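The values are calculated or read from the model by the stated rules, or taken from the named source; none is laboratory data. As the structure is a computational prediction, the values presented were derived from the model and not from experiment. Here Cβ is always computed from backbone atoms with ideal geometry, including for glycine, and neighbour counts include all displayed protein chains. In case anyone asks, the SASA skips ligands and DNA or RNA and just uses the protein heavy atoms, side chains included. Shrake-Rupley method; radii C 1.70, N 1.55, O 1.52, S 1.80 Å.
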Amino acid sequence: MALMTAQEYIESLRNLKTRVYMFGEEIENWVDHPMIRPSINCVAMTYALAQDPQYADLMTVKSSLTGHTVNRFTHLHQSTEDLINKVKMQRLLGQKTASCFQRCVGMDAFNAVFSSTYEIDEKYGTHYHENFKNFLTMVQDNDLTVDGAMTDPKGDRSKAPSQQADPDMYVHVVERRPDGIVVCGAKCHQTGSINSHWHIFMPTISMGEADKDWAVSFACPTDAEGMYMIYGRQSCDTRKLEEGASIDVGNAKFGGQEALVVLDHVFIPNEYIFLNGEYEFAGMIVERFAGYHRQSYGGCKVGVGDVVIGATALAAEYNGVEKASAVKDKLIEMTHLNETLYCCGIACSSQGFKTKAGNYQIDLLLANVCKQNVTRFPYEIVRLAEDVAGGLMVTMPSQKDFESDTVVGRNGETIGDICKKFFAAREGVSTEDRQRVMRFLENMCLGAAAVGYRTESMHGAGSPQAQRIMIARQGNIQGKKQLAKDIAGIQ
Ligand code: SF4
Ligand code: FE
């Protein structure tokens, strides 16, 4: 089958019977819901750009499974060049949406589960790798979006899955049948879950023998019987519900999406199971998925950063201060920070290596350094953006005030007239353009989009401490001690 167009992707979602809840109620038409639709538009961009000849090399690639042309978001990386192109593609999508475009979690899950299932089969003679290849071939052939679901609610963090008072704190097998398994549990803050056609579930931590029933990985359709989602709120999200709202939303076209995904006795047929009790491989899947997703942030957040820097420069220009040396220097600093993140994304890709299964994996130490920097630099970038833009980005009256014809002045001036008079930009720049750039920055720095640019930079793909553990493990302090001993003459 050919690649889907953006419109075909959006229409394909309407065929799913996905159960979505928000504000305590079921949402029937979630595809057109004003709070959800921007996140669907974002994923649609991964389809739209794949149709554009200008981006064909970045967005499409020959499948290693079928030889057909597929969207890179469904690809198994075959070289370090593929890994680098993945990061470049993510930067491009960040630039085009200024949001989290969500489809990467599936791509990162494909690559982690592909290589891990090969090694599980090698040890146990299971058939998970074949299952996974068949599943991915179906995904590629139909150009599907798949959510990679990892983060369990975790309950009491000091306890293993099997020790929790409530066993559902981690996704687990509640029944084994000849034809499959029945699973219960949930995954928290799932990026792009509602607008995915399928989900791949993976464990979220390393596990011991007692956790066997929790060591489970599988694929299931998003509208599977027993599965449902509760939509996550975002700061200022209800602005999207305001009548005629466009300017105050900041980014009216695109946005991210997170939800709580619940599995209430969902049946998984054998052919969609990729791990079922081989607990010592849980950690491998986690480490590989997290590694890929930490690489991803060296692309997506950089693309979003490009837009933040551009908006900051525009705000300075509209205020008439773009020639001030202090402003120029702040833009340089923002660029320096942003490109440093890109360097990390490219570096961990270029130092990638071939797994036993044949796909390519990133350098784990460098990917963790990449994500560790992402937990810091976007915060400094938005601090500088707020510094340059000025307080107006959070104090300006609403779009409705600017459009209001209620008379307030002695000479018959309306609220709209007064707003336009006092919030006028430099000569030659419309007040509305200034309004737009300020609201856009507000959205990026502390509105709905800050979920994707700030807090997701902190906690997405693992919180900072998770990277520090990996850096400690991969940092080879012993080897470094030896270097010092050799030169200092210490036996
Ligand atoms: Fe992709 Fe970045 Fe969103 Fe993760 S946070 S899904 S890498 S855009
Ligand atoms: Fe993320």
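For this structure, a couple of remarks:
- The residue among Q190, A347, N411 whose Cα reaches farthest toward the positive pole of the charge dipole of the chain, with charges on the beta-carbon of Lys, Arg, Asp and Glu, is A347.
- Stretching K356 away from Q478 to a fully extended chain increases their span by 41.2 nm, per 0.36 nm per residue minus the current alpha-carbon distance.
- Looking at the stretch 287-474, the accessible area is 43 square angstrom per residue; that uses a 1.4 Å probe and ignores ligands, DNA and RNA.
- For the stretch 155-164, 3J(HN,Hα) computed residue by residue from phi via the Karplus equation (6.51, -1.76, 1.60; θ = phi - 60°) reads x, 7, 5, 7, 10, 6, x, 6, 9, 5 Hz, glycine and proline entered as x.
- Average accessible surface for the stretch 1-90: 44 Å² per residue, computed with a 1.4 Å probe over protein heavy atoms with every protein chain in place.
- Scaled against the 2.2 N^0.38 Å expected of a compact globular protein of N residues, the Cα radius of gyration of the stretch 194-307 reads 1.38.
- No disulfide-compatible partner, judged by a Cβ distance under 4.7 Å, exists for the following cysteines of the chain: C42, C100, C104, C184, C188, C220, C236, C300, C343, C348, C419, C445.
- Gyration tensor verdict on the stretch 7-286 (Cα atoms; rounded if a/c is under 1.5, prolate if a/b is larger than b/c, oblate otherwise): oblate
- Note on K96: lysines with a C-alpha under 16 Å away, same-chain residues under 8 apart excluded, are K86, K88, K253, K301.
- Degrees, to the nearest 10: 464-474 long Cα axis against longest axis of the chain: 40 degrees
- K328/S430 FRET efficiency (R0 25 Å; Cβ-Cβ; nearest 0.05): 0.55
- Counting only lysines at least 8 places from K123 when in the same chain, those with an alpha carbon closer than 27 Å to its own are K133, K212, K354, K356.
- Percent carbon-and-sulfur accessible area, the chain, ignoring ligands, DNA and RNA, probe 1.4 Å: 52 percent
- Whole-Å semi-axes of the chain's equivalent ellipsoid (Cα gyration tensor): 41, 28, 21
- Calculated from backbone phi, Karplus (6.51, -1.76, 1.60) coupling profile of the stretch 405-422 in Hz, x at Gly/Pro: 10, 5, 7, 10, x, 4, 9, x, 5, 8, 4, x, 4, 5, 4, 5, 5, 7
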